[in-house]
Amino acid sequence: MFGTLVPLFPGIPGGPELLVILLIAVLLFGANKIPKLARSTGEAMGEFQKGREEVEQELEEIRRKNREDRTENEQARLEAERDDEDQGTTGGSSSGEATEGTDEAEAEAERER
């Protein structure tokens with residue numbers, strides 16, 4: 001009725017496995033080098049985390065800039081629409097050019113995404 005114990009997370013080593021790994025590490029590197037290895041591993045992990053945070057900050061800056069650009073494009077489009085409404089449907093070619101320019105800006109923003 002009672003079978004073998006199945007680990008909750010099969011890919012993660014438990015207590016006995018970690019003890020065996022630690023014993024092998026001591027045998028391979030010696031007890032004196034283990035603290036140095038742990039320190040260098042910790043420093044490497046710290047450097048990796050700093051690099052990851054820098055990349056995340058750069059990505060957030062790019063996202064913020066894209067949002068600002070989209071907001072500016074949207075505002076320009078709305079202003080062009082208001083100008084068109086103010087001038088009526090018989091407006092000159094300048095209103096058509098303004099709308100055409102915002103269409104190009106919107107298409108460029110879409111390509112950047």
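Any read-out appearing in this document is the output of simple, stated calculations on the displayed coordinates, not a laboratory observation. Since we're looking at a predicted model, the values are computed, not measured.
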Karplus-derived 3J(HN,Hα) from phi for the stretch 61-78 (6.51 cos²θ - 1.76 cosθ + 1.60, θ = phi - 60°), whole Hz, x at Gly and Pro, runs 4, 5, 4, 4, 5, 4, 4, 4, 4, 5, 5, 4, 5, 5, 5, 5, 5, 5
Can you tell me the length gained on complete extension of the stretch residue 17 to residue 108, counting 0.36 nm per residue apart and subtracting the Cα distance? 27.2 nm
